Amino acid sequence: MNALKTALLLGSMSGLLIFAGRMAGGQQGMMIALVMAVGMNFFSYFFSEKMALSSSGAVRVSETENASIFGRIGPMTARLCERMGLPMPKLWVLPEASPNAFATGRNPANSSVAVSAGLLDLMSDREVEAVIAHELGHIKNRDILISSIAATFAAAISYMGHMLMFMGGSRRHDDEEDSGGGGMIGALAMMILAPLAAGVIQMAISRTREFSADYAAAKYTGSPEGLITGLSKLETWSKRIPMESSTPAMSHMYIIPAMSGQWFARLFSTHPPTGDRIARLETYRGQIL
């Protein structure tokens, strides 16, 4: 099912890029966008993980790199992976005061988990373990490829929309007649492209994936309590301390939307309300999951 979703996402995003190219440069622009779409399909499958990590400013964590952080999160991640039947992902830290985390990669064997410095500062070990278990839940459920590809294409389409808006969207028709109202066309293009890109992502990424990853966290940590208190802290502090490096196109990848206060980021929201997630977790108390 996830393979079909991935194919549909790649096709839909490619179509939006070609549409944007047509608006920007007519027939020539459409051909350029077609070539770009083919390249993006290849790039997003093999390199979306690196792009997500690079754009977020993630720094590697291992036994030899940021060893003190690895000493805290490495052993708990290894224990969780053993319970979940997963290979050990690469670990990263985000130089952000805002608490958050995300997972990325194309499959469990090629995956990464990143947590912010703010999350490590604000949370207890039990809460950090629950957040990591949530992200490993995304890896186990194979959500990460769709999320990573969506982020890559949404960034490209959003960039093109901004480019059209600021460049005025002026272009020359095939018959060499200049098109009028370039600034209005550019603004209209931005109004169309952003919601379209957001809509495609929302169709590809089900909100139920967060509930499934929350369930995995409760199951493999042995209790929902760590994630209940962790989500409460994330909801409160992520609003008080906005993330500096995140983009709207990546917001859906985080355990809590990284830019929830901005209208453009809300277009890309794929998360159920945090209160609903906590309420669902509370129903797991006392159960053998």
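Any read-out appearing in this document is the output of simple, stated calculations on the displayed coordinates, not a laboratory observation. The structure displayed is predicted, hence computed values, not measured ones. With ideal geometry, Cβ positions are generated from the backbone for all residues, glycine too; neighbour counts draw on all protein chains shown.
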Quick check on the exposure proxy: order ASP276, ASP121, ASP214 from fewest to most C-beta atoms within 10 angstrom.
ASP121, ASP276, ASP214
Just add up the charged neighbours of ASN107: K/R +1, D/E -1, any other residue whose Cβ is under 12 Å from the Cβ of ASN107.
+1
Could you line up SER54, SER62, SER111 from fewest to most neighbouring Cβ atoms inside 10 Å?
SER54, SER62, SER111
By average C-beta atoms within 10 angstrom, highest first, the peptides 232-239, 80-87:
232-239, 80-87
Ordered by fewest other Cβ atoms within 10 Å, a rough proxy for footprinting exposure, VAL61, VAL113 read VAL61, VAL113
